[in-house]
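Input: a single structure, listed below in structure tokens.
Please treat every number below as a calculation from the coordinates, not as lab data. Note that the structure is a prediction, hence the values are computed from the model and not measured. Cβ coordinates were reconstructed from backbone atoms using ideal geometry, including for glycine residues, and neighbour counts include every protein chain displayed.
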Amino acid sequence: MAATADETEETTDGSEPAADPAPRRRRPGRIALAVSVFGELLITAGVLLGLFVVYSLWWTNVIADRKADRQADKVREHWAEQKESGPGALDTKDGIGFLHVPAMRNGEVLVEKGTGTDVLDDGVAGYYTDPVKATLPTTGKDGNFSVAAHRDGHGAKFHNIDKLEKGDPIVFETRDDWYVYKVYSVLPETSKYNVDVLSPVPKESGRKKPGHYITLTTCTPVYTSRHRYVVWGELVRVEKVDAARTPPKELRG
Amino acid sequence: MYGWIWRHLPGNAWVKALLSLVLVLAVVYVLFQYVFPWAEPLLPFNDVTVDNQ
């Protein structure tokens, strides 16, 4: 209503300047109003997208790291308690151990069961239960210990996976043992449907015989999930954890 | 739209500015706490696993 009144006011402005005696601020016309609202919506959309980037690349890390730290503390406490009461059942709920990858320079990564977003979003690595079940190193059986973690956001635990080269150590720490793996093959880009990389004997890595393998998967290129990045390692040796939890020499360097 | 909000906030310019800031923070909080966590899984940016789906 006001807008139509304004328009007539504008058109009659030249001929009858005395029609509106009060010097009110001139209101924009209907089209001008629509354009300005549209512009504001565009600005809002831009700010929203910007905020989403801030959220996914920064805030999710803050949240995830906080949660992961709390869970890691819980696991360590658990281990300390069990130490006194002798060997107990493997507790897969809180996490089964820690992954240390010096080349990724990200400290220790808690490993939990499952690769759903509910697990991985807590800033941990998850071992596969589906579509190919991971073989845990603690079982001592031949097989593939396949884990996944986020490349960006939610702790971004595998962000530096591209820094891993052949020969680099990957150490998995459990309550009683250090499992020292060595990277022997890297697949920088593969389809996200390539579940064969998780096989007990991952043929694509060049190995044909059963053995103790570890597979790290995450997404690539960074900030997208168009493809998957895969790193394979092979068990070199297992060290018993001593009373002081002295890390193996690969982690001391 | 924003002009309308500004005109409907009470007080002088300083009070309006303060209230605007509070509104902005409230909106950001709601986005970070509820909207983005909901929207994230629907967007194809953060799938890290291989699967056959």
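The alpha carbons of region A:117-188 occupy a box of 33, 28, 25 Å along the principal axes, longest dimension given first. In order along region A:177-188, phi translates into HN-Hα couplings of 9, 10, 9, 9, 10, 10, 5, 10, 7, 10, 10, x Hz, rounded to whole numbers, per the Karplus curve 6.51 cos²θ - 1.76 cosθ + 1.60 with θ = phi - 60° and x for Gly and Pro.
About the Cα centre, and with charges only on the beta carbon of Lys, Arg (+1) and Asp, Glu (-1), how big is the dipole of region A:53-252? Nearest 20 debye, please.
On the way: 29 positive and 29 negative charges, 106 e Å.
That gives a dipole near 520 debye.
Take each residue of peptide A:44-57, count the partner chain Cβ atoms within 10 Å of its Cβ, and average: the result is 3.
Per-residue Cβ counts within 10 Å, from other chains only, averaged over A:62-72: what number is that? Could the numbers behind the result be given before it?
Working: counts 0, 2, 0, 0, 0, 0, 0, 0, 0, 0, 0.
Per-residue shielding by partner chains comes out at 0.
Once the Cα atoms are used to define both axes, helix B:13-30 deviates from the longest principal axis of chain B by about 20 degrees. Most simply put, the protein assembly as shown has about 80% antiparallel DSSP beta bridges, counting only bridges with both residues inside it.
Here the spin labels are modelled as points 7 Å beyond Cα on the Cα-Cβ line, and at B:Y34 and A:V201 they lie 5.5 nm apart. In the protein assembly as shown, taking the dipole from charged Cβ atoms about the Cα centre, the farthest positive-side position among A:A103, A:H150, A:A68 is held by A:A103. Helix A:60-85 and the longest principal axis of the C-alpha atoms of chain A enclose an angle of approximately 30°. Taken over the alpha carbons of region A:53-252 as equal point scatterers, the Debye sum produces base-10 log I(q)/I(0) values at 0.09, 0.15, 0.19 Å⁻¹ of -0.31, -0.89, -1.46. Rounded to two decimals, the Cα radius of gyration of chain B over 2.2 N^0.38 Å is 1.86. Stretching the chain fully between A:T44 and A:E239 yields a gain of 64.6 nm (0.36 nm per residue, less the alpha carbon separation). Taking Cα centre as origin and charging only the Cβ of basic (Lys, Arg, +1) and acidic (Asp, Glu, -1) residues, the dipole magnitude of region A:90-171 rounds to 220 debye.
What does the highest-first list of A:146-153, A:219-226, B:21-28 look like by mean Cβ count within 10 Å? Could you put the intermediate results ahead of the total?
Working: A:146-153: 26.5, A:219-226: 17.1, B:21-28: 11.5.
Order by mean packing, descending: A:146-153, A:219-226, B:21-28.
As a rough footprinting exposure proxy, the listed residues A:I63, A:I161, B:I5 were ranked by other beta carbons within 10 Å of their own, and the order from fewest upward is B:I5, A:I63, A:I161.
For A:Y181, A:Y193, the sequence from fewest to most other C-beta atoms within 10 Å is A:Y193, A:Y181.
Kindly provide the helix-only [θ] at 222 nm of chain A, computed as the sum of -39,500 (n - 2.57) over DSSP H runs of four or more divided by all residues, to the nearest 500 deg cm²/dmol?
-9000 deg cm²/dmol, from helical runs alone.
Tell me, how many Å apart are the Cα centres for region A:150-182 and for region A:218-247? A separation of 3 Å, based on Cα centres.
Pairs A:K166/A:K208; A:K208/A:K240; A:K113/A:K249; A:K203/A:K249; A:K192/A:K240: which exceed 26 Å Cα-Cα?
Values: A:K166/A:K208 18 Å; A:K208/A:K240 29 Å; A:K113/A:K249 28 Å; A:K203/A:K249 30 Å; A:K192/A:K240 36 Å.
Pairs exceeding 26 Å: A:K208/A:K240; A:K113/A:K249; A:K203/A:K249; A:K192/A:K240.
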